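Worksheet: one structure, shown below.
The values are calculated or read from the model by the stated rules, or taken from the named source; none is laboratory data. It should be emphasised that the depicted structure is a prediction, and the values quoted were computed from it without experimental measurement. Don't worry about glycine lacking a Cβ; one is built from the backbone with ideal geometry, like all the others, and counts go over all protein chains shown. Keep in mind that these areas ignore ligands, DNA and RNA; they rest on the heavy atoms of the full protein, side chains included. Shrake-Rupley method; radii C 1.70, N 1.55, O 1.52, S 1.80 Å.
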2 protein chains.
Amino acid sequence: MRITSARVTASEVARKAGVSQAAVSLVLSRNPKARFAEETRARIIQAAAELGYRPNLVARALVNRRSFALGVLVPALGDPVYAAIVSGAKRVASETGYALLLAEATADDHVAQLRALADRQIDGVIIAGVIAASLPAEELAALNVVIINQPSNQFSTLAEDSIRAGATAAEHFLGLGHSRLAFIGPASASHVFRHRERGYAQVVRASGVELRSDYWQRADANVAGGFSAMRTLLALHERPTAVFCANDLSALGAHKACTAAGVQLGHDISLLGCDDIEIGTLVTPELSTIHTPLGELGARAVRDLLSQADIPRVVPAAKTLPVKLVIRGTTGRPAVSPPGA
Amino acid sequence: MRITSARVTASEVARKAGVSQAAVSLVLSRNPKARFAEETRARIIQAAAELGYRPNLVARALVNRRSFALGVLVPALGDPVYAAIVSGAKRVASETGYALLLAEATADDHVAQLRALADRQIDGVIIAGVIAASLPAEELAALNVVIINQPSNQFSTLAEDSIRAGATAAEHFLGLGHSRLAFIGPASASHVFRHRERGYAQVVRASGVELRSDYWQRADANVAGGFSAMRTLLALHERPTAVFCANDLSALGAHKACTAAGVQLGHDISLLGCDDIEIGTLVTPELSTIHTPLGELGARAVRDLLSQADIPRVVPAAKTLPVKLVIRGTTGRPAVSPPGA
DNA sequence: AGCGGCTGCTTATGCGTATTACCTCAGCAC
DNA sequence: GTGCTGAGGTAATACGCATAAGCAGCCGCT
């Protein structure tokens with residue numbers, strides 16, 4: 001039975017070096033308070049090396065009350081957005097010797113998933129995509145938490161500048177001379193999506209361009225949603241010339257609908273996504289988009305968690321990371337001058 | 001300092017219920033050997049519920065010598081192929097109360113990543129995409145291991161039927177009437193890629209169709225590789241009419257090259273990928289491909305690991321999962337009859 | 001009355017590590 | 001010699017849980 005391999009323990013190293021287990025622990029953990037003769041120190045280090053001793057992190061976690069592991073709670077690992085966040089988090093985590101424990105929360109088990117992480121004594125948790133408000137606050141409060149892309153006055157947050165993302169989209173379109181601006185986005189409670197929409201709407205409105213309700217399409221923020229929303233827009237008597245989608249996935253759905261309808265993207269209709277996931281460069285023409293710092297969000301989240309672990313934060317911090325316009329093939333000047341011009 | 005939250009322990013439950021800590025453990029773990037009066041049992045359960053007791057899994061892991069966690073070692077979490085495997089693994093793992101510990105192995109730290117997992121006393125590890133032969137065999141041998149898509153006579157393996165995948169590709173092309181068959185694939189040591197190629201070549205050769213060396217392109221199995229390889233093919237005096245790519249990513253690169261060159265996919269040239277990642281449906285026309293059971297591989301890997309944990313396997317098992325042709329938009333009959341017809 | 005056997009619990013111990021408190025011995029001052 | 005100090009270690013304990021072993025009380029049987 002090979003549940004956990006028989007591994008060499010500190011005691012065995014101690015026996016081999018002719019010292020006590022405590023000596024092994026003290027020397028190998030470079031405890032500054034420990035005064036050991038150079039010769040003993042060397043003997044212990046050599047014995048450990050010869051036996052291939054590696055400390056049992058589970059035992060260490062038990063006594064330290066620190067597991068050196070962080071949890072990540074996301075709704076879907078396969079989604080490129082969360083994959084990018086996880087990847088960024090993993091990079092920083094492994095640099096610092098931290099492990100990442102994954103939790104994929106489905107519709108109704110997000111609380112259970114959080115508990116599963118907490119029960120493993122994680123030193124902190126990163127929450128992205130899962131509505132933090134739907135998690136029991138008192139259980140979260142017992143953890144170090146960083147929430148990505150959601151507001152919270154109780155926990156630290158880290159977010160893209162969603163308002164600016166939407167605003168940038170509108171500015172791009174307006175700058176190109178568009179005046180028939182459409183939007184495709186979910187009716188969801190998601191904070192990012194709402195803010196991307198708001199930033200977009202604000203700038204459009206401020207420019208004096210009309211916000212037409214038939215240009216404002218509600219659709220799930222995925223490929224299918226974007227596809228059907230775009231079909232609706234294409235069926236309109238007077239088509240929009242520029243469409244901003246709440247995320248790249250729906251933009252790619254919209255892209256597909258346009259291509260299928262023979263619409264020349266970047267000419268007949270300008271299309272802009274948001275997130276800058278890699279897939280956007282695979283379609284033709286390549287998807288213009290607003291880059292959001294997904295990997296960076298994951299990476300910073302880990303760093304924040306690690307600093308929280310040392311100096312617990314009284315006041316939760318809220319940081320916002322900038323976004324950036326990435327012009328590729330799907331956006332350009334309108335083909336025909338808008339009526340008002 | 002809030003490293004790990006102050007949580008209620010079994011002893012506190014015991015005090016509240018007026019019993020010993022052992023009683024709490026015995027009752028709550030439904031140990032069949034423990035005979036307790038119904039009334040005591042109820043008191044313990046109620047006390048636990050009132051205090052919100054949840055066992056510390058770290059402590060449990062230490063005494064059980066079983067962490068109820070599995071490791072996953074992959075080269076890139078962002079790659080849709082590995083994301084799909086991880087997602088499948090996660091599904092089964094969380095059904096059975098197991099946690100998944102991620103390790104993303106970069107070029108030269110794969111051994112360190114494996115050790116980091118082992119040090120956390122994982123009950124098993126799934127290795128995908130990382131060359132298992134490059135890992136220290138004696139350290140692997142101390143673990144329960146399932147290797148995905150690589151051969152091994154020392155450890156259990158789980159693989160798609162790569163030969164069949166390639167063969168299916170060739171049969172599809174030949175069945176459509178193609179005779180100018182090309183291939184794009186890496187020169188890498190990867191077993192899957194080599195077998196997909198071999199299966200393809202075997203069937204082509206067996207059909208009597210010539211295997212032209214200028215139709216056999218070496219390229220990295222990613223978008224950029226597929227793109228440039230396809231450019232080379234397109235520049236040929238006599239273009240191939242059907243191209244099989246070693247994976248979807250390179251097929252998507254090839255797709256892009258074709259679209260850019262004005263080639264009508266599915267008519268002028270038939271293009272076939274392999275893996276069936278979701279992105280393939282986003283391009284126009286949608287990518288025909290060979291479906292490989294990525295999620296299923298991850299799921300089965302976890303199941304195998306769990307059964308290994310109970311009944312250790314003397315002889316490593318090797319299982320192969322079937323693949324399936326998925327015809328979408330990029331494959332069709334050749335536009336012009338091949339010379340020989 | 002005495003003893004076996006069952007019920008219903010408790011006590012003790014170990015998992016592998018970190019850490020505190022203590023212990024021994026040498027060297028030195030006096 | 002005694003006492004003090006510091007160097008160089010060890011012993012003991014705790015972390016939170018699981019589990020083997022033990023033990024008290026009671027019943028029934030002879």
request  = Return yes when B:Ala89 is within 14 Å of another protein chain (Cβ to nearest Cβ) and over 30 Å from B:Glu160 (Cβ atoms) and no when it is not.
outcome  = no
inquiry  = I'd like to check which helices (runs of 4 or more DSSP H) are fully inside the stretch B:127-226 and have at least 3 residues that are at pLDDT 95 or above and in the same structural domain as B:Glu238 (by TED's automatic domain parsing).
reply    = B:162-176, B:191-206
ask   = Got at least one residue in the stretch A:69-88 being within 16 Å of DNA strand C (Cβ to nearest atom) and either farther than 23 Å from A:Asp310 by Cβ or at pLDDT 95 or above (or both)?
value = yes
request  = Output the number of the condition that A:Gln113 fails; it satisfies all remaining conditions of (1) polar (S, T, N, Q); (2) in a loop (DSSP other than H, G, I, E, B); (3) open to solvent by less than 30 Å² (accessible area, probe 1.4 Å).
outcome  = (2)
key: Index of the failed condition, A:Ala107 passing every other in (1) open to solvent by less than 40 Å² (accessible area, probe 1.4 Å); (2) within 24 Å of A:Val223 (Cα to Cα)   = (1)
task = Would you point out the residue of the stretch A:51-71, among those that are open to solvent by 60 Å² or more (accessible area, probe 1.4 Å) and among the aliphatic types (A, V, I, L, M), that is farthest from A:Ala93 (Cα to Cα)?
result = A:Leu51
task = Give the residue, chosen from B:Leu114, B:Leu102, that is within 11 Å of chain A (Cβ to nearest Cβ) and farther than 15 Å from B:Leu297 by Cβ.
result = B:Leu102
ask   = Does A:Ile290 qualify as being within 14 Å of another protein chain (Cβ to nearest Cβ), touching a residue at least 24 places away in the same chain (Cβ under 8 Å) and of a type in the set (A, V, I, L, M, F, W, C)?
value = no
task = With respect to A:Val19, determine if the residue is within 16 Å of DNA strand D (Cβ to nearest atom), crowded, with 21+ Cβ neighbours inside 10 Å and in contact (Cβ under 8 Å) with a residue 24 or more places away in the chain.
result = no
ask   = Which residues, counting only those in the stretch A:164-214, are in contact with a strand residue (DSSP E or B) (Cβ under 9 Å, 6 or more places away or on another chain), among the hydrophobic types (A, V, I, L, M, F, W, C) and more than 22 Å from A:His255 (Cβ to Cβ)?
value = A:Ala201, A:Val209, A:Leu211
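Residue by residue, here is whether (1) within 20 Å of A:Ala335 (Cα to Cα); (2) aliphatic (A, V, I, L, M) holds:
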{"residue": "A:Asp161", "(1), (2)": "no, no"}
{"residue": "A:His195", "(1), (2)": "no, no"}
{"residue": "A:Val203", "(1), (2)": "no, yes"}
{"residue": "A:Gly225", "(1), (2)": "no, no"}
{"residue": "A:Arg239", "(1), (2)": "yes, no"}
{"residue": "A:Ala246", "(1), (2)": "no, yes"}
ask   = Hey, among the residues in the stretch B:40-65 that are more than 7 Å from DNA strand C (Cβ to nearest atom), out of contact with any Leu (no Cβ under 9 Å at 6 or more places or on another chain) and farther than 21 Å from A:Gln113 by Cβ, which one's nearest to the other protein chains (Cβ to nearest Cβ)?
value = B:Asn64
Failed item in (1) over 17 Å from the mean Cα position of the chain (by Cα); (2) surrounded by fewer than 24 Cβ atoms within 10 Å (Cβ to Cβ), with B:Gly129 passing the rest = (1)
remark   = Heads up, the strands (runs of 3 or more DSSP E) in the stretch B:229-341 (entirely inside) with at least 2 residues that are open to solvent by 10 Å² or more (accessible area, probe 1.4 Å) are B:318-321, B:324-326
query = Wholly within the stretch B:35-103, which helices (runs of 4 or more DSSP H) include no fewer than the required count, namely at least 3 residues that are away from DNA strand D (no atom under 14 Å from the Cβ) and without any contact (Cβ under 8 Å) to a residue 24 or more places away in the chain?
reply = B:38-51, B:80-95
request  = Take the stretch B:117-142 and flag every residue that is facing chain A (nearest Cβ under 9 Å) and either without any contact (Cβ under 8 Å) to a residue 60 or more places away in the chain or of a type in the set (D, E, K, R) (or both).
outcome  = B:Leu117, B:Ala118, B:Asp119, B:Arg120, B:Ile122, B:Asp123, B:Glu139, B:Ala141, B:Ala142
